[in-house]
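Step one of this worksheet: look at the structure below.
The values are calculated or read from the model by the stated rules, or taken from the named source; none is laboratory data. From a predicted model like this one, the values you see are computed outputs, not experimental measurements. Virtual Cβ from ideal backbone geometry, glycine too; neighbours counted across all protein chains shown.
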Amino acid sequence: MNNRSHWPLSELAFVWGGNILSKVMMFVATIYLANKLEVEGFGIFSTAFAITNYISLALFTGVDTLTTRESAKLSPETVWPFSKELFHVRRKLANLAVILTALIALYLGKGSRDCGLALILFGLGFIPLQFYTVNLFYGLEWSWPIAVYFVGGRLVYLALLFAFVRGTGNLMAAAGAFTSAIAVENIFLFICLFLRYGKRADRSITSPKIDLKPVLLLTLLSALIMLHENAPQLLVFFLKGDREAGLYASSFRLIYTAVTLANLGGFVFLARFSRERGEGTYKLALLPAIILGLVFSFAGYFCADLIYSLLLKQSYVGGALVLKAGIFQMALVPVRVLAWQRVIVKEKAKSALLPLVLGVLFSIGISTYMTYAFGAVGAAKGLFCGEAVITAAMLFLAK
């Protein structure tokens, strides 16, 4: 078994390397899709994805965070019993997610048939999410399956995109490719977990119960954060239409890719926070997050026009302005994520509820006004303003 008291630097680098490669491949997939589907099709695809992503993160993030925190404390003989209980909880959430997605798809299908159908295909990806165990692996600090999960899933996704998405008429194939990749990568992790822990499990050990009270609170808080992040995409789609939604989506996906690269250690550090509960790892992780965020922000701002001219078709003209409007969000999100992990480990989640509600209300309010007045550019500015307020609140709570 792994010695989980210290995650060796070599294994940490392995996880980060797999993460970096997966983000690069996801970036390639995003640019490929944006160019093949054109701005209107990409706007529909991204809106359906944003709805599914919100449902997923809102329902599962609380369980995922708790999984990392609790699995960091497990002994080898209790891993599989804990996993079975985890699957049971996630199955209920997956069923709820499928129902919610179907209902929203039926509603959206009245106004946008393509958006409704794409949402249904994305929603099927919730079925294999009941076997999602990445956060369990983070807590166990078992590195190579995490790296293979990220890289392998993105390889499957890219292969399916290249094979089946050739033009604007392949929107459904794009959604189906994403769902298929989700299924493959989660089945892989389940097999790894079973072969190492389930196959040799002591069946007499009682499954440890997952306390749903902190899960419910974390789920509510996570839903608020994800509402803040995803609301502008939906606002642009409903207030300004497919084209503006495509411009916003192209910018947001570029920013999101850079943000994830600047914050690769999020759940890695949560596992470490859960054990030491001290200031050392938090402060050590905070400075690189700030530096990387600022570097990406300034680079993206000054290179926005070049990025769009090199990577995207002429139909995305004006997208560089959207990117410039929201680019400095990259200097905030990695810091906010680390502070949020710190708040969770210090068990101050209840104290975060009111500040987060107020911050999200401000974010949605300013984003709505800015989107209505200035379209995609306004949505990007509104998201940045909301992010600044929420990040400040998380930093204060994490002290």
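Could you tell me which numbered condition Gly241 fails, if it satisfies all but one of (1) at pLDDT 90 or above; (2) closer than 25 Å to Phe296 by Cβ; (3) not charged (D, E, K, R)?
If we test Gly241 against (1) at pLDDT 90 or above; (2) closer than 25 Å to Phe296 by Cβ; (3) not charged (D, E, K, R), just (2) comes out false.
Output the residues belonging to the range 377-399 that are in contact (Cβ under 8 Å) with a residue 60 or more places away in the chain and more than 17 Å from His228 (Cβ to Cβ).
Ala398
Determine the pairs where a residue that is modelled with pLDDT under 90, located within the range 185-198, has a partner that is buried (at least 18 other Cβ atoms within 10 Å of the Cβ) with Cβ atoms under 6 Å apart, the partner being 6 or more residues away or on another chain.
From residues that are modelled with pLDDT under 90, the pairs are Tyr197/Val79; Tyr197/Trp80; Gly198/Trp80.
Determine, yes or no, whether Leu321 is modelled with pLDDT of 90 or more, of a type in the set (A, V, I, L, M) and either buried (at least 16 other Cβ atoms within 10 Å of the Cβ) or within 17 Å of Val335 (Cα to Cα) (or both).
yes
Name the residue that is nearest to Ser83 (Cα to Cα), counting only residues in the range 125-135 that are hydrophobic (A, V, I, L, M, F, W, C) and surrounded by fewer than 24 Cβ atoms within 10 Å (Cβ to Cβ).
Within the range 125-135, the match that is nearest to Ser83 (Cα to Cα) is Phe131.
For the range 324-363, which residues satisfy the criterion of being among the small types (Gly, Ala, Ser), surrounded by 15 or more Cβ atoms within 10 Å (Cβ to Cβ) and under 16 Å from Phe396 (Cα atoms)?
Ala339, Ala349, Ala352, Gly359 - these are the residues of the range 324-363 that are among the small types (Gly, Ala, Ser), surrounded by 15 or more Cβ atoms within 10 Å (Cβ to Cβ) and under 16 Å from Phe396 (Cα atoms).
For the range 40-51, check the following and say yes or no: at least one residue is closer than 17 Å to Arg154 by Cβ, at pLDDT 90 or above, of a type in the set (S, T, N, Q) and in a helix (DSSP H, G or I).
Looking through the range 40-51, none of the residues is closer than 17 Å to Arg154 by Cβ, at pLDDT 90 or above, of a type in the set (S, T, N, Q) and in a helix (DSSP H, G or I).
Quick test of your reading of the structure: Ile99 fulfils all but one of (1) among the aliphatic types (A, V, I, L, M); (2) buried (at least 23 other Cβ atoms within 10 Å of the Cβ); (3) without any contact (Cβ under 8 Å) to a residue 24 or more places away in the chain. Name the failing condition by number.
Result: Ile99 passes all but (2).
Could you give every pair whose Cβ atoms fall below 6 Å, whose first residue belongs to the range 165-181 and is assigned by TED's automatic domain parsing to the domain that holds Leu117, and whose second residue is outside any helix (DSSP H, G or I) and crowded, with 16+ Cβ neighbours inside 10 Å, counting only separations of at least 6 or pairs across chains?
Listed pairs, sorted by first residue: Ala173/Val165; Ala174/Val165.
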